[in-house]
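These notes are about the structure you will find just below.
Bear in mind that the values in this text are calculations on the coordinates, not laboratory data. The structure displayed is predicted, hence computed values, not measured ones. Cβ coordinates were reconstructed from backbone atoms using ideal geometry, including for glycine residues, and neighbour counts include every protein chain displayed.
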Amino acid sequence: MINVAICDDDLAITGKIESIIQNIAKKNFIQLETEVFWNGKQLVELIENGEYFDIIFLDIEIGHEDGISIAKRIRKTDKRVLIIYVTSYECYMNDSFEVRPFQFLVKPVNEKRLEACFRSACEDINNEECYFRYNYQRISHKIPLQDILYFESNKRKIRVITATETFELYGKLNDIEESLKSSKISFLRVHQSFLVNYRHIDGLSYDFLILNNGKRISISEERRKKISESYCAMEDIFYVGK
Amino acid sequence: MLENRWLALGLDSLLIIFTIYLFFEYFNLFFICKKKRSYIAIGVTVFVIWQVEILNFISFSVAAIYNIGVTIGITLFIVTIMFEGKFWKKCFFCIVFDAIWMLSEMLIHNLLLLYSAALAHSQLFGSFVSKVLLMTVILALKKVFKNEKVIELSDKNSFLLVLIPVGSIYIMSVVFMLAYNISDKLAKIYSFIAVFVLLFINVLIFYVYIEFADILYVKKMNLLYERQLELCERHQEETEVSMLRVREVKHNMKNHFISIIGYVEKREYAELKKFINEIIDEGNLSLSTIVNSGHVVVDSLVEYWNRVAESQEIEFETNVCIPMEMPFKRADISLVLGNLLENAVEGASKAEGKKYIRLKMKYDKDNLLIALENNYKGKLKKLNEKRILTTKEDDVNHGIGLVSVDRAIRKYKGMMFIDDSVPKRFLIRVVLYGNKYE
């Protein structure tokens, strides 16, 4: 089940987006729930009250409101939702990149592009249903992979850090790294003792990264090239005319 | 007696420390130290043991070849342990290092024999003076090799340069040896003059060499600037074209408005709606057809190469998501993107079958990511990871493309990755780090 919010003050646009994605969903047997908002305030309030969306189509200019500040407010509560900007001009503002948009769509909305964009978003969401399983003190545990910020090793102990909790287990970071390679969520080994979930990286430079909980981890020198390479490879999976 | 022994021991250890310093000074010029402390510790220990026990390792009773072999073997072992780099390169610099060292010792020995027989038998004094000489040579080399322009020169040139001091030291020691054996009184003066002439020539050659490096550097930079100028010119052309297009759109707009007034006056609203939709869809309202990111340099470059590609029947797909302002210099972006696109068009134009270029640009976390894909014909010639040799004839002019891209990227700590895992497909990925979090 995928929850989609469409936020635009232009009735024609919301209607068009809604009908296109409904059609795609039908074709691909995706269960879809759409909700249309004509102003950003309503959407933000709903999210702040705990409503969850997977994808938000957001106009950069909704009447007099500014879509970017709405996006920023949404990001404050929901770090995972995929935001797709719908805009009349391709001159993207610098600010709009701060909220990590998934993609930009230019009005008038091109059906092919929208479909490619929506498909890749769905793929992204479906990849999330994975768990990290381990045994500790003879009890087996599981943690949703997308919640894990990073793994940190200290001698034989490994700490698993999520946004809210920290877990401990015995093991080798190398083994964990190997086992996570098959999962769809990318983990980056940025340091001998750090394995970081790419999704939770807020800032990345050649020698360090910042996670969305503010934690700063440096990238060790011999791994920089490798990390840059995977970063490039990861970020170019956006769909050109597919 | 005891005091004397302590003094000797102290002097000995000072000399060894001095030697280690010289050793590092020299090899750091050409290699990078390994990161692991343990390797360095092992290397230094072996070095110290070797220095302390040197008389046990080397005896004058056996053939000189054996002694030289042992010396070079041990140096090579230490260097291999402590430094990164290719083995043959290490071999070369080890031999040169030992040659300089041995020759300077020989030179000092011969010199002392000639001028002061008493001092010639003091091992300590001889070893100290020869090390000072060694240091002078190394410092001179350092001065030359730290020069940025010299770094640009090929390895072959640097090898030749190192041979100059080695050869000179050899000649000098031969001169002194001959002077010692000849019982001519003037021999001392002649040999002394010979030393000065040789020294002068050495200094002169270094100057010439640096000058030579300078010229090569300027030549290379000129090529780069030429290319940049070309890009600027293209940009100018592009701006002119878009100016003309704006004029055309303005003109058309006027006509469209006249038609709209006509529809309104006739109250044909359905027709009016259709007409306006038509204008939106194809009325040249968006200025450039392919990308319109607002970033002038990117837009005009992509536009330009798109036209070139279309004229050669290459399919050109783009997905550009970048803001108008980025923390990178426009000149650098133009250099990187211009060169990459030129290469791509060039490569794709020679491909067989359906020719294509796919450009993706994304701005993410203050970093710029570029991925460019095209098909090509033939095989890539690879020099090493970073440099791909051009497949073109005139490789002096053409080989600089990716090199200059690499130089611009390095400014932003960025990197470039070439993926040629799929045959007939060339994929290059570039990342530039904006790095604003300091």
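Close amide H partners of A:Gln103, meaning residues 5 or more places away or on another chain with modelled amide H under 5 Å apart, are A:Tyr85. Residues whose amide H falls under 5 Å from that of A:Val36, counting only those 5 or more places apart or on a different chain, are A:Ile6, with hydrogens built in the peptide plane. Taken along the Cα-to-beta-carbon direction at a fixed 7 Å, the label points for B:Ser421 and B:Glu278 span 5.1 nm.
Projected onto its three principal axes, the C-alpha set of segment B:200-277 covers 98, 17, 9 Å, listed from the longest axis down.
Counting other C-beta atoms within 10 Å, which of A:Ser220, A:Ser19 has the fewest, and how do the rest follow?
On the way: A:Ser220 16, A:Ser19 11.
Fewest to most other Cβ atoms nearby, the residues stand as A:Ser19, A:Ser220.
Phi angles across segment B:78-83 convert, under the Karplus curve 6.51 cos²θ - 1.76 cosθ + 1.60 with θ = phi - 60°, into 3J(HN,Hα) values of 4, 5, 4, 5, 8, 10 Hz, Gly and Pro given as x. Bridgeable lysines around A:Lys172 (alpha carbons under 25 Å apart, same-chain partners fewer than 8 residues away excluded): A:Lys142, A:Lys155, A:Lys157, A:Lys181, A:Lys184, A:Lys215, A:Lys225, A:Lys226, B:Lys35, B:Lys36.
Report the gain in length on full extension from B:Val403 to B:Arg5: 0.36 nm times residue separation, minus Cα-Cα distance, nm rounded to one decimal. Mind dumping the intermediate values first?
Values: separation 398, 0.36 × 398 = 143.28 nm, distance 5.93 nm.
Extra length from B:Val403 to B:Arg5 when fully extended: 137.4 nm.
Between 0 and 90 degrees, the angle of helix A:67-77 with respect to the longest Cα principal axis of chain A falls at about 40 degrees.
Evaluated at q = 0.06, 0.07, 0.11 Å⁻¹, a Debye calculation over the C-alpha positions of the protein assembly as shown (equal weights, vacuum) places log10 I(q)/I(0) at -0.54, -0.68, -1.21. If the cut-off is a Cα-Cα distance under 19 Å, which lysines reach B:Lys329, setting aside same-chain residues fewer than 8 apart in sequence? Straight-line reach from B:Lys329, under 19 Å: B:Lys362, B:Lys365, B:Lys411, B:Lys413, B:Lys436.
Using the Cβ of A:Asn28 as centre and a radius below 13 Å, the other residues enclosed give a net charge of +1, where K and R count +1 and D and E count -1. For the protein assembly as shown, the dipole from Cβ point charges (+1 on Lys and Arg, -1 on Asp and Glu) about the Cα centre works out to 2320 debye, to the nearest 20.
Considering only the other residues whose Cβ falls under 12 Å of the Cβ of B:Thr80, what net charge follows from Lys and Arg at +1 and Asp and Glu at -1?
Summing Lys and Arg as +1 and Asp and Glu as -1 gives +3.
Pairs of Cα atoms in segment B:166-313 fall into 5 Å distance bins, from 0 up to the last occupied one, in shares of 2, 7, 9, 9, 8, 6, 6, 5, 5, 4, 4, 4, 4, 4, 4, 4, 3, 3, 2, 2, 2, 1, 1, 1, 0 percent.
So what's Rg/Rh here for chain A, counting alpha carbon atoms and using the Kirkwood radius for Rh?
Working: Rg = 19.5 Å, Rh = 19.5 Å.
Rg divided by Rh gives 1.00.
Assigning unit charges at the beta carbon (Lys, Arg +1; Asp, Glu -1) and nothing else, what dipole magnitude in debye, to the nearest 20, does chain A show about its Cα centre? Let's see the in-between values first.
Working: 34 positive and 38 negative charges, 274 e Å.
That gives chain A a dipole magnitude of about 1320 debye.
Largest mean-square fluctuation among A:Phe132, A:Phe167, A:Phe57, in a Gaussian network model of chain A whose springs join Cα atoms under 10 Å apart, belongs to A:Phe167.
The charge dipole of segment A:131-235, taken about its Cα centre with unit charges on the Cβ of Lys, Arg, Asp and Glu (plus for the first two, minus for the last two), comes to roughly 340 debye. Distances between placed amide hydrogens fall under 5 Å for B:Phe83 paired with B:Lys34, all partners being 5 or more residues away or on another chain.
Of the residues A:Tyr150, A:Tyr231, A:Tyr198, the one that moves most in a GNM of chain A with alpha-carbon contacts below 10 Å is A:Tyr231.
Across every direction, the projection of the convex hull enclosing the Cα atoms of segment A:131-235 has a mean area of 6.4 nm².
So what is the calculated 222 nm ellipticity per residue for chain A, using -39500 (n - 2.57) for each DSSP H run with n of 4 or more, over all residues, to the nearest 500 deg cm²/dmol?
On the way: 6 runs with 74 residues, N = 242.
One gets -9500 deg cm²/dmol as the mean residue ellipticity at 222 nm.
Size check on segment A:1-73: the Cα extents along the three principal axes, sorted descending, read 36, 28, 14 Å.
Placing pseudo-labels 7 Å out from each Cα toward the beta carbon at A:Met234 and B:Gln312 gives an inter-label distance of 3.5 nm.
For segment A:2-126, what class follows from the C-alpha gyration tensor (a ≥ b ≥ c being the square roots of its eigenvalues): rounded when a/c is under 1.5, otherwise prolate if a/b is larger than b/c, else oblate?
rounded
Counting Cβ atoms of other protein chains within 10 Å of each residue's Cβ and taking the mean over peptide B:411-417 gives 4.
Using 1/(1 + (r/R0)^6) with R0 = 22 angstrom and r between the beta carbons of A:Tyr131 and A:Lys215, what's the FRET efficiency to the nearest 0.05?
Working: r = 23 Å, r/R0 = 1.03.
About 0.45, to the nearest 0.05.
Taken along the Cα-to-beta-carbon direction at a fixed 7 Å, the label points for A:Lys155 and A:Val36 span 6.3 nm.
Cross-link reach is defined here as a Cα-Cα straight distance under 17 Å, omitting same-chain residues fewer than 8 places apart; for A:Lys41 the lysines meeting it are A:Lys72, A:Lys76.
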